Amino acid sequence: MSEQTRAQARRVVVVGAGMAGVQTAVALREQGFTGTVTLIGAEPHQPYDRPPLSKAVLLGKAEDSAFDVDFEALGIDLHLGREVTGVRVGDHELDTEAGPVPYDVLVLATGAEPVTLPGAEGVPGVHLLRTLDDAERLRPVLARQHDIVVVGAGWIGAEFATAAREAGCAVTVVEAADRPLAGALPAEVAAPMAGWYADSGAVLRTHARVERVEPGAVVLDDGSRVPADAVVVGIGARPATRWLTGSGIRLGAHGEVVADDHLRTSAPDVYAVGDCASFPSGRYGERLMVHHWDNALQGPRTVAANIVDETPAVYDPVPYFWSEQFGRFVQYAGHHTSADATVRRGDPAGPAWSVCWLREGRLVALLAVGRPRDMAQGRRLIEAGTVLDPVLLGDPARPLKAAMA
Ligand SMILES: Cc1cc2nc3c(=O)[nH]c(=O)nc-3n(C[C@H](O)[C@H](O)[C@H](O)COP(=O)(O)OP(=O)(O)OC[C@H]3O[C@@H](n4cnc5c(N)ncnc54)[C@H](O)[C@@H]3O)c2cc1C
């Protein structure tokens with residue numbers, strides 16, 4: 001058998017049948033891999049996309065969001081409703097509820113699971129929003145036009161509050177920080193977003209911590225009681241990697257699989273991709289853990305290339321995501337923590353504006369609210385590391401690319 005034939009005869013097993021797992025399996029076939037591809041997912045449903053869960057699926061405008069992938073035609077061996085419980089890296093073998101599964105190459109794509117509110121786990125009327133089952137449980141809650149308390153003014157909290165207001169529910173969002181998106185954006189950038197809640201008819205209470213959930217109410221740490229027929233908790237997600245504890249595969253401080261710049265883990269023949277992993281960004285000089293859809297699309301192409309090809313492919317993306325909230329299309333690209341200058345384009349009180357972050361004159365990150373052309377051009381300029389003139393950049397009437405110095 002030639003080296004190449006041997007390489008193609010390998011068995012690749014992908015754990016997690018979400019976006020990253022499905023895309024890895026598909027990318028392997030697209031890139032010509034002819035060996036066995038097995039995709040194992042814990043959820044019973046046909047693999048599906050998550051962003052519509054807080055949008056069209058929640059509002060009943062779409063029944064589901066199953067991926068349009070013909071697994072059988074692609075020769076992908078799909079096992080659903082099957083949880084992987086452990087891995088023995090020395091034996092190249094997984095343990096599942098239905099017995100052991102051997103692999104030559106393993107791809108970890110188990111995503112993330114929502115952080116729960118202490119003391120509120122399993123309490124009737126308290127919901128999370130991560131899975132299709134969660135969205136299906138929440139649909140009738142919206143339809144009943146209940147009083148809803150959303151815990152957390154992050155991306156999920158904002159999108160859920162948007163849908164709940166659209167459905168006619170009374171919505172109070174309680175947030176422990178002083179503003180929405182405190183973990184994602186600097187104060188001066190996120191400040192105008194607080195007004196979006198009020199515009200939509202939702203009440204945003206900042207500096208508000210949940211003390212406990214009682215039947216019919218959420219009690220805050222200042223003693224106030226907020227009526228709640230239902231509570232939706234959106235306080236973040238953590239990598240779904242508990243099953244890897246003790247496996248020898250290195251996990252980071254947030255429980256994420258620590259991957260290298262080829263998305264390889266610390267164990268031989270094991271890769272990690274999507275929400276469950278972090279990787280060192282050469283572009284930004286720090287390790288990134290990205291919990292967004294585009295990362296679960298791009299990362300798998302690198303993993304597949306590294307499995308198929310002898311020449312290692314490096315993963316160094318410009319991270320990108322979008323959010324649809326309060327009638328606005330919000331997009332973000334790049335990573336702003338190392339920026340040394342911020343330039344605004346347009347009035348943040350208005351419907352459309354952008355914020356550009358520069359480092360040594362180069363665009364490193366961009367937030368665009370209702371300005372998708374800024375984003376289309378900005379992503380390319382970040383990718384290319386083009387030097388921009390901050391004065392020209394600050395003029396929202398000019399195309400962003402016209403600010404090239
Ligand atoms: C409601 C919602 C809305 C979103 N909206 C946006 C958006 O507008 N824009 C954006 O950029 N991003 C959005 N995201 C984020 C985006 O959906 C995620 O980044 C993406 O789904 C990550 O894909 P993944 O495959 O890494 O993880 P996941 O989608 O979490 O998939 C992982 C899968 O692995 C399975 N699994 C876990 N452990 C095991 C195990 N031990 N054995 C077998 N299977 C296992 C899980 O059941 C799951 O099905 C949203 C996320 C949610 C929840």
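Coordinate-derived values only; no laboratory data. None of these values were measured; they are calculated from a predicted model. Don't worry about glycine lacking a Cβ; one is built from the backbone with ideal geometry, like all the others, and counts go over all protein chains shown.
Data table
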{"quantity": "If the convex hull is drawn through the Cα atoms of the stretch 353-405, its volume per residue in Å³", "calculated": "60"}
{"quantity": "Projected label distance in nm at residue 316 and residue 397, using a 7 Å step from Cα toward the beta-carbon", "calculated": "3.9"}
{"quantity": "Proportion of all alpha-carbon pairs of the stretch 190-301 beyond 16 Å (%)", "calculated": "70"}
{"quantity": "P(r) of the chain over all Cα-Cα pairs, binned every 20 Å from zero, in whole percent", "calculated": "26, 54, 20, 0"}
{"quantity": "Ordering of 50-56, 184-190 by packing [mean C-beta count within 10 Å, highest first]", "calculated": "50-56, 184-190"}
{"quantity": "Listed residues 204, 219, 244: farthest to the positive end of the dipole of the stretch 152-247 (Cβ charges)", "calculated": "244"}
{"quantity": "Of 51, 76, 138, farthest towards positive along the dipole that unit charges on Lys, Arg, Asp, Glu beta carbons give the stretch 1-143", "calculated": "51"}
{"quantity": "MRE, 222 nm, helices only [DSSP H, n ≥ 4, -39500 (n - 2.57), over the chain, to nearest 500]", "calculated": "-6000 deg cm²/dmol"}
{"quantity": "Dipole magnitude of the stretch 327-403, debye to nearest 20 (Cβ charges: Lys/Arg +1, Asp/Glu -1, about Cα centre)", "calculated": "240"}
{"quantity": "Mean Cβ count within 10 Å, highest first, over the residues of peptides 303-310, 77-84", "calculated": "303-310, 77-84"}
{"quantity": "Sorted by Cβ density within 10 Å, fewest first, the residues 266, 278", "calculated": "266, 278"}
{"quantity": "For the chain, size of Cβ-based charge dipole, Lys and Arg +1, Asp and Glu -1, in debye", "calculated": "860"}
{"quantity": "Antiparallel content of DSSP bridges confined to the chain, in %, to 5", "calculated": "60"}
{"quantity": "Distance (nanometres) between label positions extended 7 Å along Cα→Cβ at residue 206 and residue 194", "calculated": "0.3"}
{"quantity": "Stretchable slack from residue 261 to residue 116, in nm (0.36 nm times residue separation minus alpha-carbon distance)", "calculated": "49.1 nm"}
{"quantity": "Cα centroid separation - the stretch 286-349 against the stretch 37-68, whole Å", "calculated": "22"}
